[in-house]
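Worksheet for the structure shown next.
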Amino acid sequence: MKRLLAACFLGLIMTLSTTAEEPLRIGASLSDLGNPFFYSLAEYIQDAANEQSDRPVDLTVVSSAYDLERQRRQIRRFIDEQVDIILLNAADSQAIEPDIRLAQKAGIVVTAIDIDAQGADITVTTDNVQAGEIACQHLVDQLDHRGPVAIINGANVSSVTERVAGCRAILNNYPDIDLVSDQFNGGGTYGGGLEATTFLLSQHPDVQGIFAINDPSALGAAQSAELSGRGDVKIVSVDGSPAFLDAMRDNQPNLMATAAQSPRKMARLAVEKSLERLERSGGAPLTIRIPTHLISRDTVVDEDDGTQTPGY
C-alpha cells in the first residue's frame with residue numbers, strides 16, 4: 001500500500017512538472033513582415049513574452065499580406081495548434097470577427113495589435129487619428145497654411161483610415177489648403193509610394209505637400225519627387241522608423257517629419273494584457289491607444305541625445 005501511494009505521489013509530481021514546463025503558445029498574424037515596423041513588432045513580441053511569461057515561449061509569426069482569406073486560414077491553424085494567445089493585425093477589421101469568435105470558443109485570448117479587430121478581447125494600437133493630425137499640422141505649418149496637397153493612401157484597415165481621417169480633419173481647418181487627391185494607394189511600401197507619387201505628380205504637378213500613411217511609402221514618395229526634380233515637395237508620414245530618421249539626418253530635401261510609433265511599447269502592452277486575460281478569463285473588451293510624438297528635421301537630433309523616446 002505504501003509503495004502504491006509513493007508511486008501515485010511520484011506520478012503526480014511528474015505530471016505537475018510536465019505541466020509546468022508546457023510552453024506558452026502564441027500565434028501572431030502580422031500584416032507585412034517586409035515592413036520594418038511589423039518586423040520590429042514581431043521581435044518585440046518575442047522579447048516581451050520571454051520577459052513576462054514564467055513558462056518557455058513558443059511563438060509562431062506569419063504574414064497575412066493584408067489577405068483576409070489567408071488570415072482566416074492562419075487563425076484556424078492556430079486553433080488546431082491549441083495556442084494560448086493570438087495577436088492579430090486584422091486584414092479586415094469587421095470581416096475577421098467570426099474567426100475571432102471561433103478562436104475564443106476554443107479558449108484562446110485574441111488581441112488586436114496595431115489594427116482594430118471587431119470582437120477581440122483586447123486592442124492595443126497607436127492613436128492613429130492623433131498621428132495623422134500632428135503630421136498634417138506640421139505639413140500645413142511648413143506650407144504657411146496654403147497650397148495644394150495630396151495623401152498617399154494605403155490598405156483599407158483601421159490604422160490607415162484613422163491616420164487619413166486625422167490628416168483630413170486638420171486640412172479642413174485651412175481654407176487655403178487644397179486637397180487635390182487622396183486616391184493614390186502606395187500599399188504601405190517603398191515601391192508603392194514611389195509609383196503612386198510618380199502618377200500623382202504627373203496629374204497634379206503643382207502639388208506642394210504630401211502626407212504618406214507610413215514611412216516606407218513616404219521614402220518612396222521622396223525618391224519619386226527627387227527623380228522628378230521636385231525637391232520642394234514637403235512630405236510627412238507616420239512611423240518614426242530608423243530609415244526615415246536617417247534620411248532626415250542626411251538632409252533628404254523632401255522629408256519633413258514623421259509621427260513616431262512605438263512597436264516596443266505596443267508589443268509589451270499587448271503581451272501583458274493578454275497574459276492577464278489568460279489568467280482571469282472574461283471581462284469587458286479592453287482598448288488601449290498609445291499616443292505618438294512628432295519627430296521633425298529640427299528635432300531628429302534630439303533623438304540621438306535621448307531627449308525623446310524613439311519610435312523604435
Margin query: Could you check the range 249-269 and list, in sequence order, the residues that are surrounded by 21 or more Cβ atoms within 10 Å (Cβ to Cβ) and more than 17 Å from residue 35 (Cβ to Cβ)?
Written below: 254, 255, 256, 257
Next item on the list: Check 132, 107 and return the single one that is assigned by TED's automatic domain parsing to the domain that holds residue 284 and farther than 13 Å from residue 29 by Cα.
Entry: 107
Check: If only one of 157, 140, 149, 236 is modelled with pLDDT under 95, among the β-branched types (Val, Ile, Thr) and either surrounded by 22 or more Cβ atoms within 10 Å (Cβ to Cβ) or at negative phi (or both), which one is it?
Finding: 157
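The values are calculated or read from the model by the stated rules, or taken from the named source; none is laboratory data. For clarity, every value in this text was computed on a predicted model and none was experimentally measured. As a convention, Cβ positions derive from the backbone with ideal geometry for all residues, glycine included, and neighbour counts pool all protein chains shown.
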